[in-house]
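Written out below as structure tokens is the structure these notes cover.
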Amino acid sequence: MSKYTIILCTLSLLWLFLGIKTLISNPAKKSHLLLAVLCLTMIVWTFFLGAAYSLDSIDKVTLFLKFAYIGGFLFSPVNLHFYLAVTNTPVRLYHLALIYTPYFVLAVSNFISSFVFAEYTRFNNEWTGILNTGNIIFRLYFIIVILTFVISLAVILKWHKKTNQNKERIQSRLILVLFTSTYFTSLLLTMIFPFFGINRLQHIGIILFSMYIIGLYFLVVRIRFMNIDKAASADEIFSNINELVFMLNNELIITDANSAVLTELGVSISRVKNRPFTDMVTEKNAFTSMAGDIADGKIKNFRMIIHYTPAEEKYPARVYVSGIRDRFDDISGYLVILDHVKEIEQFKKTYRITPRELEIVSMTVSGSTYKDIAEKLQISERTVERHLTNIYNKLGINNKIELFRIAEEFNLKV
């Protein structure tokens, strides 16, 4: 048995192992499924290529190489499809048809005419195939492979340029290095050099293809760059907090809550889960604006007074919101802590203060300027002034110093 047969069949078992591990790790994720298919193409390629080295009949060698190149032909379109999935590039059915159809045609053509190899020779009792670089169909194959490579590279570069996520930027940089150092070099040795009569380096090209697949496996499955769990551990965060606590994702959807939701509000956790937090907050615009400032890195956290309505009744509360960051320092969600303040309700009833006026009072005594309040509430500065004038009249005061004194009495400062 040829040493190349042993090496390539061993690689086939490796691809089988990596493909199964990839599917088991996350069968529902498209990038994992396509990586498993990449492993399948490598299984077909390396197994039949390895088996061909140990055959004596030239007819059997030709047949096995035709089967091997089914995997070889499908590798490039699956690889491009993989990067389209990883980068979340919109793909329609006709796009996939354009990507895959030429390679299916090539696979059928090779079975009919065997255009890949011009001849087979023995060297040190090993079969060596001489690529048919003069064949028009092989040259078409070469152009399609290079075009697919260029499109894949363009997809990765566009992803790297457009992303504002640290983890994706790091990930795209690593993939660029892996893609160019292994995949491109492999194409250079297996397809470009033969045009200059250099055919003895194809084995090194196969090794580089192997390194490329192993590298992708570690990025996708082991390091999990493409499958980062954005949900923080609620148990760790909730364990030492007695107030109402909510976990929100990037879209401000409630992903979890602590048991105080039931004990304090009489509402089950399942009832508030998967609901937009802002739909249960009277001060929706201000809350969304402040959360956006956290996502943009302008602030790390904020405090404000809100009216929370998980059911029928409104609950005045002091809220603390902090961004939750992953190991790449990207915002992966928000931690919201609510502290019900009974004095707020008393303040409202005593002076007949509306929720909007309460909002402006809390922001004013917390140090916000007219301009800050106007931006957060999406109103004009003149409207802010008018609200403050009405507030002063209701409280029977004339200036901010007296407003601060009353706010201190009712615990309104956030």
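Descriptive notes on the structure:
- Segment 216-253 - residue that is closer than 30 Å to VAL267 by Cα and of a type in the set (Val, Ile, Thr) and, of those, modelled with the highest pLDDT: ILE253
- Taking the numbered list (1) modelled with pLDDT under 85; (2) assigned to a helix (DSSP H, G or I); (3) surrounded by 15 or more Cβ atoms within 10 Å (Cβ to Cβ) in turn, ILE213 passes all entries but (1).
- Checking LYS300 against (1) within 43 Å of the chain's Cα centre (by Cα); (2) at pLDDT 90 or above; (3) of a type outside the set (Gly, Ala, Ser); (4) exposed (fewer than 15 other Cβ atoms within 10 Å of the Cβ), the condition it does not meet: (2)
- Check on LYS273, assigned by TED's automatic domain parsing to the domain that holds GLY367 and surrounded by fewer than 15 Cβ atoms within 10 Å (Cβ to Cβ): no
- Of the residues making up segment 368-414, those that are exposed (fewer than 13 other Cβ atoms within 10 Å of the Cβ), in a loop (DSSP other than H, G, I, E, B) and not hydroxyl-bearing (Ser, Thr, Tyr) are GLN378, GLY396, ASN398, ASN399.
- Pairs where the first residue, in segment 80-92, is in a helix (DSSP H, G or I) and the second is modelled with pLDDT under 85 and not charged (D, E, K, R), C-beta under 8 Å, 6+ apart: VAL86/MET226
- Evaluation of ILE70 against (1) in a helix (DSSP H, G or I); (2) in contact with a Leu (Cβ under 8 Å, 6 or more places away or on another chain) (one fails), failing number: (2)
- Hits in segment 193-203 (condition: modelled with pLDDT of 75 or more and surrounded by 15 or more Cβ atoms within 10 Å (Cβ to Cβ)): PHE193, PRO194
- Inside segment 26-85, residues that are over 21 Å from PHE184 (Cβ atoms), hydroxyl-bearing (Ser, Thr, Tyr) and modelled with pLDDT of 90 or more make up a count of 0.
- Only residues that are in a helix (DSSP H, G or I), under 30 Å from the mean Cα position of the chain (by Cα), farther than 14 Å from VAL78 by Cα and in contact (Cβ under 8 Å) with a residue 40 or more places away in the chain were counted in segment 15-56, giving 5.
- Residues that are part of a helix (DSSP H, G or I), closer than 23 Å to LEU201 by Cβ and touching a strand residue (DSSP E or B) at 6+ places or on another chain (Cβ under 6 Å) are absent from segment 98-113 altogether.
Let's see how each residue does on (1) part of a helix (DSSP H, G or I); (2) under 25 Å from THR101 (Cβ atoms); (3) touching a Gly at 6+ places or on another chain (Cβ under 6 Å); (4) not assigned by TED's automatic domain parsing to the domain that holds ALA295:
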| residue | (1), (2), (3), (4) |
| --- | --- |
| ARG139 | yes, yes, no, yes |
| VAL145 | yes, yes, no, yes |
| THR148 | yes, yes, no, yes |
| ILE151 | yes, yes, no, yes |
| LYS161 | yes, no, no, yes |
| ASN164 | no, no, no, yes |
| ILE170 | yes, no, no, yes |
| ILE175 | yes, no, no, yes |
| PHE179 | yes, yes, no, yes |
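- Conditions (1) under 19 Å from PHE410 (Cα atoms); (2) of a type outside the set (Phe, Trp, Tyr); (3) touching a residue at least 60 places away in the same chain (Cβ under 8 Å); number of the one not met by VAL361: (3)
The values are calculated or read from the model by the stated rules, or taken from the named source; none is laboratory data. Since the structure is predicted, the reported quantities are computational estimates derived from the model, not experimental observations. Please note: Cβ atoms are built from the backbone with ideal geometry, for glycine as well, and neighbour counts cover all protein chains shown.
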